[in-house]
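Report on one structure; see the data block that follows.
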């Protein structure tokens, strides 16, 4: 019942403070609770029951949050769907989760006329507005171990998996994160990340502390800047690529950003040059977020006091320490716990982890070891208990028995001033098994030989790319993660 308790508490403490804001609407905590209760009763009166799954197909807007909280109150599972997916992909998610209804924007629903659901509800139409007008049944409390949502993974390398998260997971992550971040209750958070992704847990977490959530429907730099100024935002949640676009926006110099206290960033490494530029331009603190849908969302953080001054920025920052209530260990390829500094796979345990992959017990067993959840991330712990990410296990390149970490090669490429973006993958090789190949976005002032010379002295010979392909853009998903499956094809 965590999301309902969150609402009750914030109505008691901040009844007239804005809870959720978008470009068209703003609801106080009192109005937001009343509206979500009304929608929950209306959905129940319609025939949606506890345990049913309901797909949400929309850009970020107040009605999406109304739907999430209403379904949580009812005891049904909300299933956020990436609205940029093809009709076949959206239908696949609806079929695999057995969704009985879809709530979405009218234009998006029109793109998917054949979804196998009983109810189609346009959240920008009169049917959604009228939900609850005629009352509805009494809704008993929902137990904490009841599933609350099915959140889909980023699918950077294959088909997205549905991650089943319960109410207790949302609570554990929120309480642990807030204990580590120690926020004040006057926060205003501009959320630039999609609400259909596991990153939405960050927004839920700060709402638990009483923060006002400002939604941006599709990231545009000028829109995000305006959201900060118009709402006197104290925090903004984005990925490094978004931050780079923000700093390039023509409206940056003319926007009042004096209220901004903290930039939260995650999903991808923060390049040293970008951090230095952002710290100088924005003049606020930075908080790194390391999370994973399977472990409930954000579970590791590096706070502003742990970020160096821009002039002392290292090549790469640690991800931070695990939040209270969650545990982390690093295992080597033989299953033994790695010594300090030893690279291995990061495992996580605690009340925030998922119940499992929806309808896929085999996949769930594959990532669960003695109660610990495998992240698929390679990293190590330093002497101060901070996690350092090295790369994804599936992206590791083994060249003639030697490990090549694509992120290390990408960082080396990025140190060239002409390189704007980069990605490295492994490709099969008859002699070495695998070799690295780089894809680079550059300003046109360099060629392949220039970059190869630049890497001499920065990378051992076996780590250097076999070849460099110049491209106009590196494909990324809305969460900022590189779509390496596209590069491989």
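Values for this structure:
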{"item": "Neighbour-count order for 299, 380, fewest beta carbons within 10 angstrom listed first", "result": "380, 299"}
{"item": "Degrees separating the helix 2-13 axis from the principal Cα axis of the chain, which is the longest one", "result": "70"}
{"item": "Pairwise FRET efficiency - residue 251 versus residue 34, Cβ, R0 = 25 Å, nearest 0.05", "result": "0.10"}
{"item": "Segments 96-107, 42-53 sorted - mean Cβ within 10 Å per residue, highest first", "result": "96-107, 42-53"}
{"item": "Where labels lie 7 Å past Cα in the beta-carbon direction, separation of residue 382 and residue 361 in nm", "result": "4.4"}
{"item": "Within the range 382-415, backbone nitrogen closer than 12 Å to the virtual label 7 Å beyond the Cα of residue 340 toward Cβ", "result": "382-386"}
{"item": "Calculated FRET value between residue 400 and residue 332, using beta carbons and R₀ = 30 Å, to 0.05", "result": "0.90"}
{"item": "Simple spin-label estimate for residue 13 and residue 124 in nanometres, 7 Å along Cα-Cβ", "result": "3.4"}
{"item": "Mean Cβ neighbour count within 10 Å, used as a protection proxy, ranking 55-62, 71-78 highest first", "result": "71-78, 55-62"}
{"item": "Inter-part distance where the range 3-28 and the range 77-150 are each reduced to a Cα centre, Å", "result": "23"}
{"item": "The chain: angle of helix 62-74 to the longest principal axis, Cα-based, in degrees nearest 10", "result": "70"}
{"item": "Folded to 0 to 90 degrees: helix 87-97 orientation relative to the chain principal axis, Cα", "result": "70"}
{"item": "Whole-Å distance, taken between Cα centres, linking the range 160-184 and the range 287-340", "result": "16"}
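Values in this text are rule-based calculations from the coordinates and carry no lab data. Owing to the predicted nature of the structure, the values given are computational and were not obtained by experimental measurement. Here the Cβ is made from the backbone with ideal geometry for all residues, glycine too, and neighbour counts use every protein chain on show.
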